[in-house]
Amino acid sequence: MAEENVAVARKQTEAAIASLVSNPDLPVDVVRSPSELAAVRERSADRRAVERHLCENLRDRDHWALDGFCNICARAVAFQGDWLHSNGQTVNFREKLVCPFCKLNNRQRFMAHLLMVVTSLEAPQAPIYLHEQVTPFFFWAQQTLAGEVIGSEYLGPDIPSGTTMRDMRHEDARALSFSDASLDTIVSNDVFEHVPDIDLCLVESARVLRPGGCLYFTIPFYDREETVRRAAVRNGEIVELLPPQYHGNPLDPKGSLVFYEHGWDILERCRRAGFADAYALGYWSLLYGHLGFGLQLMFVAEASD
């Protein structure tokens with residue numbers, strides 16, 4: 001019976017990805033190497049041309065809107081954007097194109113769409129866990145996805161995982177409180193660049209996922225072979241290896257310190273951590289507001305049997 005459940009879970013994931021790949025308005029490519037990514041980008045130079053044209057037309061506007069269709073809300077919308085966190089020449093589309101109704105940005109909407117497709121094929125057999133709890137994405141997931149949805153925030157190094165404080169659950173991604181093989185799915189939206197030990201986090205993710213379960217994650221990805229480590233924790237103290245960088249944190253106005261700039265070795269790290277397979281999904285769509293570098297990437301790691 002256990003083997004049958006694993007097979008069903010694997011087919012469910014394959015069917016979900018196949019469904020995305022077959023959508024002509026939202027082309028999705030399974031990407032496993034730099035050469036495969038280069039091949040996709042080579043045949044899609046028109047996407048970069050569209051983005052350059054948009055940037056030229058938007059350059060004199062601090063705030064702007066782009067008409068499109070939100071898959072999450074199932075309605076035509078004006079995706080919202082601005083020039084914050086950009087280089088002044090190219091819009092940071094990855095963090096923009098926010099739907100005014102669901103409040104999800106470009107990358108979050110693709111993650112949500114994938115989860116909707118996966119859970120529509122078969123209800124989760126175990127809880128879905130998100131590395132967030134006070135965000136629009138968590139509220140959407142809790143209200144929309146079938147089955148139990150659990151969220152958490154990181155509240156500090158001295159708090160045991162599983163502790164609830166101020167109605168928030170604390171989890172340290174390096175030492176999750178969940179039992180072995182107790183979760184169906186883990187979703188991590190731009191968290192793994194902020195953890196002090198990515199390998200330990202991946203081992204923990206593999207431990208708590210049931211056979212056939214999946215870890216879906218996004219990271220600021222750098223198209224190079226090896227990850228660059230910007231900071232580390234040694235003897236309980238943060239050591240800055242490169243000038244510090246911080247990303248937005250809903251609980252801390254200072255932001256979250258960046259520990260890693262992840263490269264292609266993230267896939268091998270997933271396999272070493274115990275996952276049966278790991279790959280990227282490349283996506284782009286002007287209609288659905290998924291722009292940026294001619295191809296955006298999210299990552300999938302499939303739990304072993």
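So here's what we get for this one:
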{"read-out": "Descending principal axes extents, the range 97-146, alpha-carbon based, whole Å", "value": "32, 21, 15"}
{"read-out": "Kirkwood Rh and Cα Rg combined as Rg/Rh, the chain", "value": "0.94"}
{"read-out": "Zero-based 10 Å bins, Cα pair distances in the range 192-261, whole percents", "value": "17, 43, 32, 7, 0"}
{"read-out": "Using θ = phi - 60° and Karplus 6.51 cos²θ - 1.76 cosθ + 1.60, couplings along the range 189-195 (whole Hz; Gly, Pro as x)", "value": "9, 6, 10, 5, 7, 9, 8"}
{"read-out": "Förster radius 35 Å - calculated FRET efficiency between I159 and R272 (Cβ-Cβ, nearest 0.05)", "value": "0.80"}
{"read-out": "Residues V228, V28, sorted so that the one with the fewest Cβ neighbours within 10 Å comes first", "value": "V228, V28"}
{"read-out": "Residue order, fewest to most beta carbons within 10 Å, for S120, S285, S205", "value": "S120, S285, S205"}
{"read-out": "Sorted by Cβ neighbour density within 10 Å, fewest at the top, the residues T185, T144", "value": "T144, T185"}
{"read-out": "The chain - percent relative contact order, Cα under 8 Å, separation 6 or more", "value": "20"}
{"read-out": "Relative contact order (%) - the range 53-205, alpha-carbon pairs under 8 angstrom, separation at least six", "value": "15"}
{"read-out": "Antiparallel content of DSSP bridges confined to the chain, in %, to 5", "value": "75"}
{"read-out": "Selection of trypsin sites (Lys or Arg not before Pro), the range 223-301, meeting DSSP coil and at most 13 other Cβ within 10 Å", "value": "R224"}
{"read-out": "The range 134-293 - convex hull of alpha carbons, volume per residue in Å³", "value": "150"}
{"read-out": "Modelled FRET efficiency - R0 30 Å, N87 with V30, Cβ distances, 0.05 increments", "value": "0.50"}
{"read-out": "Unit Cα scatterers, Debye sum, the range 131-212: log10 I(q)/I(0) for q = 0.20 Å⁻¹", "value": "-0.98"}
{"read-out": "Exposed-site-free run, longest, the chain (rule: GluC sites (Glu not before Pro); DSSP loop; at most 16 other C-beta within 10 Å)", "value": "1-121"}
{"read-out": "Helix-only CD estimate at 222 nm, as mean residue ellipticity for the chain, using -39500 (n - 2.57) per DSSP H run (n ≥ 4)", "value": "-9000 deg cm²/dmol"}
{"read-out": "Amide H contacts under 5 Å for H194, placed H, 5+ residues apart", "value": "F259"}
{"read-out": "Modelled FRET efficiency - R0 35 Å, A49 with L241, Cβ distances, 0.05 increments", "value": "0.40"}
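Bear in mind that the values in this text are calculations on the coordinates, not laboratory data. Only a predicted model underlies this, so the values are computations on that prediction, with no experimental measurement involved. All Cβ positions, glycine included, derive from the backbone under ideal geometry; neighbour counts span all protein chains shown.
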